[in-house]
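The values are calculated or read from the model by the stated rules, or taken from the named source; none is laboratory data. The shown structure was predicted, so the numbers you read here are calculated from the model rather than taken from an experiment. A quick note on method: Cβ atoms are made from the backbone with ideal geometry, for glycine too, and the neighbour counts reach across all protein chains shown.
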Amino acid sequence: MLDADYYARLGLGSVFEKVMNGERLSIEDGRKLFACEDINALGALAHHARTRLHGDSTYYVLNRHVNYTNVCVNACLFCAYQKEEDEQEGAFRLSVDEIVAKLDPKDGLPYDEVHIVGGCHPKLPLSFFEEAIIRIKETYPGIIVKAFTAVEIAHFAELENISTQEVLGRLKAAGLEAMPGGGAEIFAPEVREKICPRKATGDEWLNVAREAHNLGITSNCTMLFGHLELIDDRLDHLDKLRRLQDETNGFSCFIPLPFLTENSMLELPEERKGKHTGLDKLRTIAVSRLMLDNIPHIKAYWVMLGVKLAQAALHFGADDLDGTIVEEKIGHDAGAQSDQAMTIPQLEEMIVRSGFNPVRRNSFFKPVKVEQEA
Ligand code: V47
Ligand code: SF4
């Protein structure tokens with residue numbers, strides 16, 4: 001498949017050379033990749049880049065997601081999860097005790113990671129989150145707390161009338177070690193204004209990520225795609241992440257999130273309604289792998305992609321599936337058809353059946369020894 005003449009006939013001769021030599025691709029190269037008519041040729045290039053980094057390893061994590069509230073002041077148009085206020089039907093808000101109780105592994109193995117995110121609640125003070133982290137670490141000392149998107153950090157700073165840097169410092173002192181990548185959506189201001197006008201801007205998101213990295217808190221990054229954005233908006237988004245990574249080297253993993261449309265207020269133009277293809281999702285994952293030459297991992301998040309497409313994505317540049325999850329609300333409220341949870345044996349089987357070698361990892365992508373079935 002990796003035949004230089006064939007790529008030259010596809011108009012990708014110089015892109016092929018750059019990928020083979022490990023050189024950085026330009027935005028124009030990215031445009032050519034998105035326009036490439038042979039999806040398998042694109043996949044093979046991304047697979048080459050992924051194999052050079054990770055061989056046949058595919059990562060997963062024994063984790064649990066905890067969403068502490070769905071009440072959120074931002075009301076992003078794409079979000080099916082958000083409620084306006086505590087009193088609204090379907091709204092919820094967990095106490096610190098309830099958060100800690102959710103992490104009881106019952107009869108299974110203790111979790112390696114807890115992923116905590118929620119809506120930007122109008123009243124919850126920063127002290128609530130500090131207490132939650134301290135109590136989690138006291139109760140489950142081995143767990144890594146990966147919590148709060150850059151958008152939540154910006155919201156806490158606004159509520160408390162302090163800087164985002166101070167919020168990050170206080171949460172780090174409480175035990176925060178890593179941050180998930182949500183809230184990035186799409187940085188292009190004219191699209192962001194249409195899909196999430198009240199949310200922190202793209203520049204604010206990037207600045208909080210920069211501050212977190214400078215404090216030694218690693219983070220992930222995401223891109224929400226398949227809504228109103230153009231191909232150039234996707235490439236601009238990837239370029240901004242790549243530039244920040246050149247500066248800080250603090251991103252562990254990139255997660256492309258396809259927009260799920262159920263229960264969403266966001267009206268798509270007629271020509272886009274119901275038209276988002278699996279091939280576009282694979283194409284975007286592959287281009288991400290090739291453009292983001294300085295971000296080590298690309299996640300095929302099985303919850304949003306579905307198990308089968310996530311397996312295919314492992315051949316289009318992705319090397320991570322995320323984890324056991326246990327309970328998921330954001331994607332499922334928007335119509336995700338996947339299950340709520342996966343066990344370690346299920347994740348390992350999914351990886352082996354796709355032709356890869358499963359590696360259980362922690363939040364920093366360090367391998368964790370598998371002791372027994374969960
Ligand atoms: O920021 C919200 C997205 C994100 C929809 O860092 C939607 O390891 C699709 O960021 N259709 C939260 N997407 C999820 C997230 C995440 C998930 C798993 C792992 C990690 C990680 C991060 O979900 C939000 C938003 O971009 N989202 N609504 C929707 N209707
Ligand atoms: Fe709030 Fe996040 Fe939903 Fe936006 S995507 S409304 S910030 S919960």
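Among residues of segment 100-122 that are closer than 28 Å to Asn74 by Cα, those with a Cβ under 6 angstrom from a residue that is of a type in the set (Val, Ile, Thr) and within 11 Å of ligand 1 (Cβ to nearest atom), sequence gap 6+ or separate chain, pair up as Glu113/Val61; Val117/Thr149. Segment 296-373 holds helices (runs of 4 or more DSSP H) entirely within its bounds, and those carrying 2 or more residues that are out of contact with any Phe, Trp or Tyr (no Cβ under 9 Å at 6 or more places or on another chain) and in contact (Cβ under 8 Å) with a residue 24 or more places away in the chain map to 302-305, 307-313, 344-353.
Each row is one residue, and each column tells you yes or no for (1) of a type outside the set (A, V, I, L, M); (2) touching a helix residue (DSSP H, G or I) at 6+ places or on another chain (Cβ under 8 Å); (3) over 16 Å from Pro180 (Cβ atoms).
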| residue | (1), (2), (3) |
| --- | --- |
| Arg243 | yes, no, yes |
| Glu247 | yes, yes, yes |
| Phe251 | yes, yes, no |
| Ser264 | yes, no, yes |
| Lys275 | yes, no, yes |
| Gly278 | yes, yes, yes |
| Val287 | no, yes, yes |
| Asp319 | yes, yes, yes |
| Gly323 | yes, yes, no |
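Residues in segment 320-374 that are within 16 Å of ligand 2 (Cβ to nearest atom) and at positive phi: Gly335 only. The criterion of being farther than 30 Å from Tyr140 by Cα and either out of contact with any helix residue (DSSP H, G or I) (no Cβ under 8 Å at 6 or more places or on another chain) or of a type in the set (Val, Ile, Thr) (or both) does not hold for Gly30. Residues of segment 208-223 being of a type in the set (Val, Ile, Thr), touching a strand residue (DSSP E or B) at 6+ places or on another chain (Cβ under 7 Å) and within 16 Å of ligand 2 (Cβ to nearest atom), which ones? Matches in segment 208-223: Thr222 only. From the list Ala184, Ala200, Ala132, the one residue that fits, being hydrophobic (A, V, I, L, M, F, W, C) and not in a loop (DSSP other than H, G, I, E, B), is Ala132. Scan segment 55-97 for residues that are closer than 30 Å to Ala44 by Cβ and within 9 Å of ligand 2 (Cβ to nearest atom) and the total you get is 0. Looking across segment 173-191, the residues that are away from ligand 1 (no atom under 16 Å from the Cβ) and either over 21 Å from the mean Cα position of the chain (by Cα) or surrounded by 18 or more Cβ atoms within 10 Å (Cβ to Cβ) (or both) come down to Ala173, Ala174, Gly175, Glu190. Exactly one residue out of Thr164, Thr139 is among the hydroxyl-bearing types (Ser, Thr, Tyr), more than 16 Å from ligand 1 (Cβ to nearest atom) and surrounded by fewer than 14 Cβ atoms within 10 Å (Cβ to Cβ): that is Thr139.
In the list Leu103, Leu45, Leu62, Leu124, which residue meets the criterion of being within 23 Å of the chain's Cα centre (by Cα) and farther than 27 Å from Met342 by Cβ?
Working: Leu103 fails: farther than 27 Å from Met342 by Cβ; Leu62 fails: farther than 27 Å from Met342 by Cβ; Leu124 fails: within 23 Å of the chain's Cα centre (by Cα).
Being within 23 Å of the chain's Cα centre (by Cα) and farther than 27 Å from Met342 by Cβ holds for just one of Leu103, Leu45, Leu62, Leu124, which is Leu45.
Kindly check whether there is at least one residue in segment 205-215 that is modelled with pLDDT of 95 or more, of a type in the set (S, T, N, Q) and either within 13 Å of ligand 1 (Cβ to nearest atom) or not in a loop (DSSP other than H, G, I, E, B) (or both).
First pass over segment 205-215, keeping only residues modelled with pLDDT of 95 or more: 205-215.
Now drop any that are not of a type in the set (S, T, N, Q), which leaves 207, 214.
Applying the additional criterion that residues be either within 13 Å of ligand 1 (Cβ to nearest atom) or not in a loop (DSSP other than H, G, I, E, B) (or both) yields 207, 214.
Yes, segment 205-215 contains a residue that is modelled with pLDDT of 95 or more, of a type in the set (S, T, N, Q) and either within 13 Å of ligand 1 (Cβ to nearest atom) or not in a loop (DSSP other than H, G, I, E, B) (or both).
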